[in-house]
């Protein structure tokens, strides 16, 4: 378990580092990599028009973040239910 | 660019409508047989070992969580891990085709992230190429007698990275640079997707090792059924 804590701290540091490195730069906005890809596509093929649009888009950033949070919550809920079930099984079965 | 749907489209897969339709169709046709093979593989594995159902649901859930977490990278942009390597290491690459495609479908329908027309291409990169890379690297690492922890780490890290290399390749094929051709275009897309992904791939590697460590402790019997055992001579990382 000690190893796991070290691994989790390492993962957290890797994610915090970019925020620290870029915290004073105004042109860094941590946008999605695909937004940048769209810009490159426009540069290579300025005439390209997307031929299909999303059937439905979240009406606002707030609603989008709620849906992302729900995705993460549902996944984490199911995953941790399973892990808890396994922990109880290994504790009481033996 | 951002005004197409009225707001920035944040996401890391190929955006809706952004592959010319012959390309979109081609990737869908390539991906479909893998999806059927994945469904068959899940059916067979559950038939052979009904007790692994819970673990199977958990690896799907893990991919759901990780692909919802958009993380900052040293390049100053964001992307997200895929989480498909865990399942590929435990169950082989095929079941994750189904899990990864479900994640992509959810995000395409509800989040305007990725898209229906690009689902085939995105499934190929995240749900087929990624798990295959994880599985091949894990097998190679185990054959060369690496301990379980490092094997899992390498498999997850390279699977994550490979997913975005494939995405870059798909975009480069669809949009070759007028001057430099496919190579120049590939370099541009790799610069965006792959470089951003390097630190996130390391994070996915670390998190996948944490989960495998937990499963080894609490679910060693299920892992043994799947042929996953801690290295006899070395402790796991």
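What to note about this one:
- When residue A:7 is tested against the conditions (1) touching a helix residue (DSSP H, G or I) at 6+ places or on another chain (Cβ under 7 Å); (2) under 26 Å from residue B:190 (Cβ atoms), the lone failure is (2).
So that you can scan it fast, the table gives a plain yes or no per residue for (1) surrounded by fewer than 24 Cβ atoms within 10 Å (Cβ to Cβ); (2) out of contact with any helix residue (DSSP H, G or I) (no Cβ under 7 Å at 6 or more places or on another chain); (3) in a loop (DSSP other than H, G, I, E, B):
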residue	(1), (2), (3)
B:99	no, no, no
B:113	no, no, yes
B:127	no, no, no
B:131	no, no, no
B:141	yes, no, no
B:151	no, no, no
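- On inspection, residue B:220 passes the criterion of being free of Cβ contacts under 8 Å to residues at least 12 places away in the same chain, out of contact with any strand residue (DSSP E or B) (no Cβ under 7 Å at 6 or more places or on another chain), closer than 19 Å to residue B:90 by Cα and surrounded by fewer than 24 Cβ atoms within 10 Å (Cβ to Cβ).
- Residues being within 17 Å of residue A:67 (Cβ to Cβ), in a helix (DSSP H, G or I) and more than 7 Å from every other protein chain (Cβ to nearest Cβ) - total across segment B:56-69: 2
- Residues being part of a helix (DSSP H, G or I) and farther than 22 Å from residue B:142 by Cα - total across segment B:78-97: 1
- Within the option set B:81, B:72, B:50, being in contact with a strand residue (DSSP E or B) (Cβ under 8 Å, 6 or more places away or on another chain) and more than 7 Å from chain A (Cβ to nearest Cβ) holds for one residue only, B:81.
Yes/no matrix, rows are residues, columns are (1) free of Cβ contacts under 8 Å to residues at least 40 places away in the same chain; (2) under 22 Å from the mean Cα position of the chain (by Cα); (3) surrounded by fewer than 17 Cβ atoms within 10 Å (Cβ to Cβ); (4) more than 8 Å from chain B (Cβ to nearest Cβ):
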site: A:7; (1), (2), (3), (4): yes, yes, no, no
site: A:20; (1), (2), (3), (4): yes, yes, yes, yes
site: A:42; (1), (2), (3), (4): yes, no, yes, no
site: A:68; (1), (2), (3), (4): yes, yes, no, no
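- Residue B:165 vs. criteria in contact with a helix residue (DSSP H, G or I) (Cβ under 8 Å, 6 or more places away or on another chain) and under 30 Å from residue B:225 (Cα atoms): no
- Take the conditions (1) within 27 Å of residue B:153 (Cα to Cα); (2) more than 8 Å from chain B (Cβ to nearest Cβ); residue A:3 misses just one of them, which is (2).
- When each of B:105, B:109, B:132 is tested for being within 13 Å of another protein chain (Cβ to nearest Cβ) and modelled with pLDDT of 95 or more, the lone residue that passes is B:105.
The values are calculated or read from the model by the stated rules, or taken from the named source; none is laboratory data. Computed from a predicted structure; not experimentally measured. Virtual Cβ from ideal backbone geometry, glycine too; neighbours counted across all protein chains shown.
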